[in-house]
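Readers should treat all values here as calculations from the given coordinates under stated rules, not as data from a laboratory. Quick caveat, the model's predicted, so the values are computed rather than measured. Virtual Cβ from ideal backbone geometry, glycine too; neighbours counted across all protein chains shown.
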C-alpha cells in the first residue's frame, strides 16, 4: 500500500522547485493536521490539538474502553480478593492494640494484596500501551487527512500493543537504578528521623541513595530522550521493541535538546490539564464523602465505612481516569509528530506522504528551523 510504503521507507524528499507562486514561493502541502515539511514548534502543538479535535471520538472511545475495562477488571479483582481473605481481615481488624496478629491471618492478606497489585500493574500497563499504540495509528491518518473508524484504529493499535509494551518496559528500566537509589536514601533518612539515629550507617546509606540518584539521573534522562520515539517507531514502521529503540536513537541523534524541550513542554501542559481536571472531581468527592460519613453510626464496621466512602472513591477514580487519558494521549501526540518531523528532516519523508495523501508534490523552501 502507498501509505505503508510512505511510513516504512518512502522516496527521498527533494526534487525540483514547484511552480512559482506569490513571490516565487509555493506553500507546502497540508492534506491533514500538519504541513508535510519540517515542523516548527507551533506546527507540532497545533497538529496535536487538531488531531484531538478531529479524531476525538476515536481517541476518547478507545480511552474509555481500555481504562474503563481496566477499572472494571481491578474492581472485580478487589472484590474477589476481599471475598477470599475476608475472614482473616476481619480477625485482624478486631485485634486490640496489645495483640499480635497471627501469621496465618497476615500471610493470606499479603498474598492477596500482592496478586491484586501485580494484576493492576499488568492491566494498566497494557491499557497505557494500547493508548500509546492508538495515538500513532490515528496520527498516520491525521497527517494524511484521512478518516479513521473506531474499528480500524482498534485493530491496528491492538496488533502493535505487544511491541509497544516491549518498548515501554525497556524504556522504564532506564529509571530503575536512580529510582532504587532514591528509595534507599529516602528510607534511610526516614529511619534516621524516626529513631533519632545519626550513626555512620544511616548517614552512609542516606548519602549513597541521594547522591547515587543524582549521579545516575542525567544518564537516565539522556537515554529516555533517545528512546522516547520508540513507541511511534513500533507503530509507524512495525518495528520490534529493540529495533524501535535503535530507530528512536537514530532519529533523535543531532536534535536531542530540541526533542527534550518539546517533550517536557508537552508533559507540562498535560500535567497542568490533569491538575485542572482533578479540582472539580476532588470537590465532588469530598462532598460525597461528607454525605456518606454522616450516615455512619458511632462505632461503624469496616463494611459500612467502605460503603459510605464508595461514592468518594468512584468520583476520584473517574477523575483519575480522565486525567490518565490526557496524560497518555497528548504527550504521545506530540512525540508522534516529533517522529514525523525527524523523518522529514533527516530522511525527506514529505514527498512520500504527499503521494500517499494524493496531493501533488509542491516543493517550497524549508519550513522553519
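Miscellaneous remarks
- Pairwise centroid distance, computed over Cα atoms, of segment 148-170 with segment 27-60, Å: 21 Å
- Pairwise FRET efficiency - residue 314 versus residue 151, Cβ, R0 = 30 Å, nearest 0.05: 0.50
- Mean separation of Cα pairs under 8 Å and 6 or more residues apart, divided by the residue count, gives segment 20-177 a relative contact order of 29 percent.
- Between residue 256 and residue 170, the contour length at 0.36 nm per residue exceeds the alpha carbon distance by 29.0 nm.
- Sorted ascending by nearby beta carbons within 10 Å, beginning with the fewest, 235, 126, 276, 252 become 276, 126, 252, 235.
- Label point of residue 50 set 7 angstrom out along Cα-Cβ; within segment 127-161, amide nitrogens under 14 Å from it belong to 139-147.
- Separation of alpha-carbon centers, segment 66-94 and segment 242-280, rounded to whole Å: 35 Å
- Sequence of 104, 327 once ranked by neighbouring C-beta atoms within 10 Å, starting from the fewest: 104, 327
- Segment residue 122-residue 321, length gained on full extension (0.36 nm per residue, minus Cα span): 70.0 nm
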